[in-house]
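Only one structure is covered here, and it is reproduced in the block below.
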Amino acid sequence: MMASARDLGVKGELRYDEPMSRHTSWRAGGPAEVFFVPASVDDLSEFLRALDRDTPIFWHGVGSNLLVRDGGIPGVVISASKILRNLDRVDRYLVRAGAGVPCTQLARQCIRWDLGPSEFFAGIPGTVGGALAMNAGAHGGETWERVDSVTTIDRGGEIHERAPTEYTIGYRSVKGPANEWFLGGQFRFEPDATPSFETLNAMLERRKKTQPLGLPSCGSVFRNPPGDYSARLIEAAGLKGHRIGGAEVSDKHANFIINRDNASATDIEELIEHVRQTVFDVHGVELVHEVRIVGELTS
């Protein structure tokens, strides 16, 4: 068992066997062996410095793109989004946002500052940290198209400022220095782009009409393959409404899997695999899931 917060010299909260169903938008998943909520960035640095080097670490945002298997997550889950909520204008075209800032909040504030293109951030159902980690995008925009620099913290608690050139960026893919996590980023916008609340609200209204927002889900499960849409392929394979346990392919948007009735993480993962295999069998297209699946299977 890990030492207490006092023994580790930190001020944050340590929870043991914390159900991750409380911390994912799917409302499913097993427990975190240890769940740490730091009181500040300095507190986070102290915790990392004191942590045994062999202890696995998983960095948690708001769980909007995460499936935790029913066996849970060994080691430590760090949930720092509550302390990373800074949102500041650096200069005329540059904004600094903490990893815990909801992407919708970033979009709205940038519009108030007349900075664009920024409306697309409102279509990302998570935080800045998650958007940085996976190059999240919506409505034709991608996170790393706007990145000027990022702030990270490493396994030893040291903080780094890094340039985009230190990362390899792809579609829903980001590769950079190992064992570092995003604390925030600086985003540069364009002088000739004029954002509007009308455009943002139209995006949100379209999302409301086309996505099952009232039910637990993770957003889009699969990346769109080149030249096509995962939702179209899934629907054409006859999978809308298909169900395994309490998990169901949404009738409203085929690239959403919803927790219809107390689904387990196993139900959801089995349905993801069934959809992937069926689309391959019917269309010959190999779908790649963009949801992150972590943790251990139950024995």
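Laid out as a table, the results:
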| read-out | value |
| --- | --- |
| Cα gyration tensor, the chain - rounded (a/c under 1.5), prolate or oblate | oblate |
| Residue exposure sequence - 288, 62 - by fewest surrounding Cβ within 10 Å | 288, 62 |
| The chain: calculated mean residue ellipticity at 222 nm from DSSP helix runs of at least 4, using -39500 (n - 2.57) | -7000 deg cm²/dmol |
| Potential extension, residue 13-residue 49 segment - 0.36 nm per residue separation minus Cα distance | 11.3 nm |
| Share, in percent, of DSSP beta bridges within the chain that are antiparallel, nearest 5 | 80 percent |
| Whole-Hz couplings from phi, Karplus 6.51/-1.76/1.60, listed for the range 13-19; x for Gly and Pro | 9, 10, 10, 10, 6, 7, x |
| Separation in nanometres of the label points that stand 7 Å from Cα toward Cβ, at residue 188 and residue 286 | 3.7 nm |
| The range 48-94 shape via C-alpha gyration tensor axes, a/c threshold 1.5 | oblate |
| Dipole magnitude (debye, nearest 20) for the chain, charges at Cβ of Lys, Arg, Asp, Glu | 700 debye |
| Estimated vicinal HN-Hα couplings, Hz - the range 242-258 in sequence order (Karplus 6.51, -1.76, 1.60; Gly, Pro = x) | 5, 9, 10, x, x, 9, 9, 6, 4, 6, 8, 8, 5, 8, 10, 10, 10 |
| Which of 213, 16, 182, positive extreme of dipole for the chain (C-beta unit charges) | 213 |
| Cross-link reach list, lysines versus residue 209, counting only Cα pairs under 18 Å and skipping chain neighbours closer than eight places | 240, 252 |
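All of the numbers you see were taken from the coordinates with simple rules; none came from a lab. The structure presented is a predicted model; accordingly, all values stated were derived computationally and were not measured. Counting neighbours? That spans all protein chains shown, and the Cβs are built from the backbone with ideal geometry, glycine included.
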